[in-house]
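Structure first, commentary second.
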Amino acid sequence: MDADARPRLADVHCEAGTLGQYVLVASERPFWATVTASGLAIAQLCDGCRTVREIAGIAAARLPSLSSLPAAQALFRVLAFLEDLARHGLVHTPGAPADRWAWAESVPLAAVFVEITDQCNLACKHCYLGKRLGRGAGLDTPSLKTALLGFRALGVESVVYSGGEPLLRRDWQELVCWGATVGFEGTLLTNGTLVTPEVVSVLERVGLAVQVSLDAPNAGVHDRVRGLGAFDDALYGIRLLLESRLRSRVSLSCTVSALNATLLPALCDIAVDLGLPRMGFGIVQRAGRAETQWDELGLCLQEQIRVGEMLESLKAGYGQRLQIAAPGCVAVGDGLRRPGTVRGCPVGSTPAVDADGHVFGCQLFIDTPHAIGDLRCQSPAEIMEGEPLKRLREAIAARSTTVPSCAPCVWRSVCQGGCAARGVRNCGMSLNDPDPLCEGYRYAFRRASRAFPVEAEQQSASRG
């Protein structure tokens with residue numbers, strides 16, 4: 001952009017914030033930025049007819065923050081501000097490169113999530129497998145290897161071995177060793193209770209990353225969630241892993257529910273005391289066994305917001321001592337990041353395979369009617385290039401216009417309708433059901449919009 005360009009403000013919604021700030025949100029694209037009153041006044045002068053030079057002259061005559069500056073300096077600051085808005089997709093100029101944002105027809109495959117068994121030695125209250133647990137289903141090893149080779153041919157480099165409890169699969173050692181030989185980076189999700197020195201030896205040889213579930217800092221709560229003795233057994237397994245060469249590849253995972261929501265700081269303290277490098281948190285989902293125990297486990301919106309803010313504070317407090325990940329937790333910046341960042345749903349980038357061989361767009365879609373294929377009769381290539389995944393992507397891409405509650409929302413282009421899988425699980429079976437965290441994310445967007453002013457504001461072009 002130069003001084004003779006004629007910028008035009010995109011179709012935006014404007015929402016008043018605090019401290020004299022305003023949030024500009026593009027109507028049809030997931031772009032937004034925070035501006036002051038002066039910045040808003042400058043943006044509103046961008047009608048596609050005035051040049052940047054003319055806009056700077058009008059702004060200098062009207063705005064105290066520019067009126068005392070030499071004309072050249074005022075022009076420089078206005079130009080910098082408008083260029084920043086352009087980078088955020090909120091201002092366009094004739095002849096500039098077209099806005100390249102669009103929903104991709106395909107998403108690069110990042111990993112594949114595989115339930116290698118539906119067997120488990122625990123009976124966790126929140127287990128999403130529900131009635132599927134313990135049926136003895138599962139692809140046989142030759143079929144599973146063939147399927148994984150098919151995903152490898154599509155460019156998948158990582159596989160997540162899950163269950164049930166994956167260490168209960170009779171030939172899990174053969175499977176993970178084979179996976180390493182064909183080039184997969186592997187991660188094992190385990191409850192930790194079956195980890196022995198022999199298990200650690202195999203995992204060391206393969207070089208797997210290991211994620212262990214730990215839902216509380218004490219046996220009282222953890223065992224209430226997972227079963228008597230589970231805490232001590234898991235802690236023993238964790239210590240064995242940390243004494244091995246895998247130490248830097250071990251992490252903890254916690255499912256946050258009403259039973260442990262106040263215990264997260266103490267759980268992080270345990271992780272740091274043990275020397276663990278990272279910890280992940282996820283909100284309990286209303287699925288499987290949790291569906292029947294929701295009164296005991298479920299968190300209302302305000303409780304989820306408090307959990308998100310607590311984790312946000314813990315992330316800042318621990319810094320590099322403990323890397324905290326909290327996907328899906330309200331107010332933790334999941335997908336909010338900086339203004340202009342596309343949040344988007346990466347459905348299909350990490351397909352999930354249940355123990356029966358059904359394939360879903362992601363792990364959250366497991367056990368819903370929205371399977372995209374079946375490995376018992378289709379190859380990974382047929383599934384990932386098939387019509388069911390294409391229709392699923394199209395339906396999710398359209399959610400900001402098809403979910404009724406999105407229509408009046410200023411943030412619908414940024415949120416893009418929220419998580420379809422959560423909506424399906426919470427409300428019914430339709431891909432147009434609202435995300436139960438809708439209000440929470442609206443709250444989080446508002447908080448984030450006040451925290452991240454556009455860079456040019458700091459150069460005073462838009463100081464009010």
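The values are calculated or read from the model by the stated rules, or taken from the named source; none is laboratory data. The model shown is predicted, which means the values in this text are computed figures rather than measured ones. When we count neighbours, we look across all protein chains shown, and the Cβ atoms used for this are built from the backbone with ideal geometry, even at glycine. Accessible surface is based on the protein model in full, side chains and every heavy atom, while ligands, DNA and RNA are left aside. Shrake-Rupley method; radii C 1.70, N 1.55, O 1.52, S 1.80 Å.
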Would you mind checking the tilt of helix 438-451 against the longest principal axis of the Cα atoms of the chain, expressed as 0 to 90 degrees and rounded to 10? 50 degrees
What per residue convex hull volume, in Å³, do the alpha-carbon atoms of the range 46-87 yield? 62 Å³
As an exercise, find the ratio Rg/Rh for the range 53-210 from alpha-carbon atoms, using the Kirkwood inverse-distance average for Rh. 1.37
Check the straight Cα-Cα distances from LYS125 and name the lysines below 24 Å, setting aside those fewer than 8 residues away within the same chain. none
Dipole of the chain (Lys/Arg Cβ +1, Asp/Glu Cβ -1, origin at the Cα centre): which of GLY418, VAL347, THR141 lies farthest to the positive side? GLY418
Relative compactness, the range 144-186, computed as alpha-carbon Rg over 2.2 N^0.38 Å: 1.11
Output ordering of 81-94, 49-62 (per-residue mean of other Cβ within 10 Å, highest first) is 81-94, 49-62
Report, in degrees rounded to the nearest 10, the 0 to 90 angle that the Cα long axis of helix 230-242 makes with the longest principal axis of the chain. 80 degrees
What's the long-distance tail for the range 193-333, i.e. % of Cα pairs beyond 22 Å? 40 percent
Is any residue of the range 241-265 close enough, with backbone N under 18 Å, to a label point placed 7 angstrom from the Cα of GLN320 along the Cα-Cβ axis, and if so, which? 248-249
May I ask you to give the solvent-accessible area per residue for the chain, in square angstrom, as obtained with a 1.4 angstrom probe? 43 Å²
Can you spot the aspartates and glutamates whose alpha carbon is less than 14 Å from LYS315's alpha carbon? Ignore those fewer than 8 places along the same chain. ASP269, ASP334
Ratio of Rg to Rh over the range 126-245 (Cα coordinates, Kirkwood Rh, two decimals): 0.99
If you take every residue apart from SER430 with its C-beta less than 14 Å away from the C-beta of SER430, what net charge results, scoring Lys and Arg +1 and Asp and Glu -1? +2
Enumerate the aspartates and glutamates that LYS390 could reach by cross-link, defined here as Cα to Cα under 15 Å, with residues fewer than 8 away along the same chain left out. GLU105, GLU382
Size of the dipole of the chain about the Cα centre, Lys and Arg at +1 and Asp and Glu at -1 on the beta carbon, nothing else charged, in debye to 20? 820 debye
Could you give the dipole magnitude of the range 182-277 about its Cα centre, charging the beta-carbon of Lys and Arg +1 and that of Asp and Glu -1, in debye to the nearest 20? 160 debye
In square nanometres, what is one fourth of the surface area of the convex hull spanned by the alpha carbons of the range 1-82? 5.4 nm²
Report the accessible area of THR262, computed with a 1.4 Å probe over the heavy atoms of all protein chains in place, in Å² rounded to the nearest 10. 120 Å²
When only C-alpha pairs under 8 Å and at least 6 residues apart count, what is the relative contact order of the chain, in percent? 20 percent
Accessible surface of the chain, 1.4 Å probe, proportion on carbon and sulfur as whole %: 52 percent
Residue-averaged 222 nm ellipticity for the chain, from DSSP H runs of 4+ at -39500 (n - 2.57), nearest 500: -11000 deg cm²/dmol
To one decimal place, what orientation-averaged projected area in nm² is obtained for the convex hull of the Cα set of the chain? 23.4 nm²
Rounding to the nearest 10 and keeping the result within 0 to 90°, find how far the Cα-based axis of helix 264-274 lies from the longest principal axis of the chain. 60 degrees
Considering only DSSP beta bridges with both partners in the chain, what is the antiparallel share in %, to the nearest 5? 40 percent
Among GLY57, ALA398, MET1, pick out the residue whose Cα is farthest towards the positive end of the charge dipole of the chain, where Lys and Arg carry +1 and Asp and Glu carry -1 on C-beta, about the Cα centre. GLY57
Which one, GLN285, LEU168, LEU129, is farthest towards the positive end of the dipole of the chain when Lys and Arg carry +1 and Asp and Glu -1 on their Cβ? GLN285
